[in-house]
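The values are calculated or read from the model by the stated rules, or taken from the named source; none is laboratory data. Note that the structure is a prediction, hence the values are computed from the model and not measured. Every residue, glycine among them, receives a Cβ derived from its backbone with ideal geometry; neighbour counts consider all protein chains shown.
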Amino acid sequence: MKQLSIILILMCLFQTSQLFSQDKPAYVIYTANGKKTTFEKLVESTENKELVLFGEFHDNPISHWLQLELTKEMYAEAGSNLQLGFEMFEQDQQELLSQYLLGNLTAKQFKDTMRLWPNYETDYAPIIDFAKTNKLFCVASNVQRKYASLLFKKGRKALDTLSLTIKSQMAPIDFIVDTTLSQYKEVYTMGGHMGVNMGKNMVESQAFKDATMAQFIMANPGRKEGTVHLHFNGAFHSDFHQGILWYVQQKQANIRVLTISTVTQEDVRKLDKEHLGRADFIICVPESMTRTH
């Protein structure tokens, strides 16, 4: 009888194991060296940081859900010292964003006057609404897309003719570019297929966005002693501690920073080697995940 009981217990354990092995996780979080970790550990690691760069895939629902959840958790810790920044809003519209957060614009006025991304309602509005409710300062950190496009098409000299007002909404046009960075090398290779100068111009256009976002992360009216800035951007802009972070560190080399990236894999049970070191925390999502747009 005792032997039969042991067999029954082992069968139950085997069936339970089989059940869990068939689960399809929506995501797995890894450390930089590929060790599985938890969202709670990620949250704990944001404590005492000055900057958190959350690299997303723009159409990935897991990225956006975890961004909102992280915002809530960091607010519970930092309160009004939490500041949010968005690649998705361009610097010339900072005043409109601020007025909406202060309650001086209706939701309709905000939507009618801002250049909102097509997935704003599903992916970014929940974070903005949370900021509005809790009176958090938000930074529209990006350069206007048309000027990044102008640089790409005609080179940096094309920016010389812009007005001083427009130039104040972007990184200085003499910004430096470290072309040895692996991310920029990858951009150069992509652009090089389009013509002799396109590789160089594409790198400078990418760096222009990175430098501008870094500038307005570091220099904005809401930043003060004790502030922690949670910035949302495409993963490529901060992967491998490059892009935005490289420019931030030119201004403050010893800044206490945490980076997060998003990747997709067919099998999320083990992090692919190519993603090791991509960020301090890496959110691995199945390639079959539903997209928001």
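A few points about this structure:
- Residue that is in contact with a strand residue (DSSP E or B) (Cβ under 6 Å, 6 or more places away or on another chain), at pLDDT 95 or above and hydrophobic (A, V, I, L, M, F, W, C), where the choices are 216, 240: 216
- Residue 232 more than 24 Å from residue 101 (Cβ to Cβ), touching a residue at least 24 places away in the same chain (Cβ under 8 Å) and surrounded by 15 or more Cβ atoms within 10 Å (Cβ to Cβ): no
- The one condition from (1) surrounded by fewer than 17 Cβ atoms within 10 Å (Cβ to Cβ); (2) farther than 19 Å from residue 58 by Cα that residue 248 does not meet is (1).
- Scan of the stretch 96-126 for residues that are surrounded by 14 or more Cβ atoms within 10 Å (Cβ to Cβ), among the charged types (D, E, K, R) and closer than 21 Å to residue 72 by Cβ, ordered by number: 123
- Qualifying position, being outside any loop (DSSP other than H, G, I, E, B), under 24 Å from residue 216 (Cα atoms) and touching a His at 6+ places or on another chain (Cβ under 8 Å), among 84, 68: 84
- Candidates 209, 167, filtered to the one that is within 20 Å of the chain's Cα centre (by Cα), at pLDDT 95 or above and either within 14 Å of residue 150 (Cβ to Cβ) or of a type in the set (Val, Ile, Thr) (or both): 209
- Which listed residue, of 166, 173, is in contact with a Leu (Cβ under 6 Å, 6 or more places away or on another chain), of a type in the set (A, V, I, L, M) and surrounded by 12 or more Cβ atoms within 10 Å (Cβ to Cβ): 173
- Residue match in the stretch 219-234 (condition: assigned to a helix (DSSP H, G or I) and modelled with pLDDT of 95 or more): no
- Residues satisfying the stated conditions in the stretch 276-293, i.e. surrounded by fewer than 23 Cβ atoms within 10 Å (Cβ to Cβ) and either without any contact (Cβ under 8 Å) to a residue 40 or more places away in the chain or among the β-branched types (Val, Ile, Thr) (or both): 285, 287, 288, 290, 292
- Hits in the stretch 184-206 (condition: surrounded by 14 or more Cβ atoms within 10 Å (Cβ to Cβ) and in contact with a Ser or Thr (Cβ under 9 Å, 6 or more places away or on another chain)): 187, 188, 191, 199, 200, 203, 205
- Subset tally (residues that are surrounded by 24 or more Cβ atoms within 10 Å (Cβ to Cβ) and closer than 18 Å to residue 71 by Cβ) for the stretch 214-229: 2
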